[in-house]
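Notes follow once the structure below has been shown.
Every read-out reported here was derived from the displayed coordinates using simple, explicitly stated rules and does not represent laboratory data. Note that the structure is a prediction, hence the values are computed from the model and not measured. Glycine gets a Cβ as well: all are built from the backbone with ideal geometry, and neighbour counts include every protein chain shown.
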Amino acid sequence: MKVVQCKMARAALGWGVRDLAQNAGVAVDTISRLERGEEIMPRTLAAIRTALESAGVEFIDDDRGEGVIKLRHDQ
């Protein structure tokens, strides 16, 4: 998951930094560090990605480009 994908996923869900932090079980500062492009622990990045995917976001990195798709409208 790239920084821009994290930001796009949050926007697609209508989540702020605090929302993502709560759903991923990480500190708000961790989300801020990630979105500034700082390195975070792989397991922390996985928790963030899992939270976004569980909320209905699919990450793409293929011939369509790098981005996200919101799959569900129930969140």
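Some observations on this one:
- All conditions but one from (1) within 9 Å of the chain's Cα centre (by Cα); (2) without any contact (Cβ under 8 Å) to a residue 60 or more places away in the chain apply to M8; the one that does not is (2).
- Segment 11-51, residues that are of a type in the set (S, T, Y), under 22 Å from D61 (Cβ atoms) and either surrounded by fewer than 13 Cβ atoms within 10 Å (Cβ to Cβ) or over 9 Å from the mean Cα position of the chain (by Cα) (or both): T44
- Taking the criterion of being under 12 Å from C6 (Cα atoms), without any contact (Cβ under 8 Å) to a residue 40 or more places away in the chain and in a helix (DSSP H, G or I), the residues of segment 34-45 that qualify are L34, E35.
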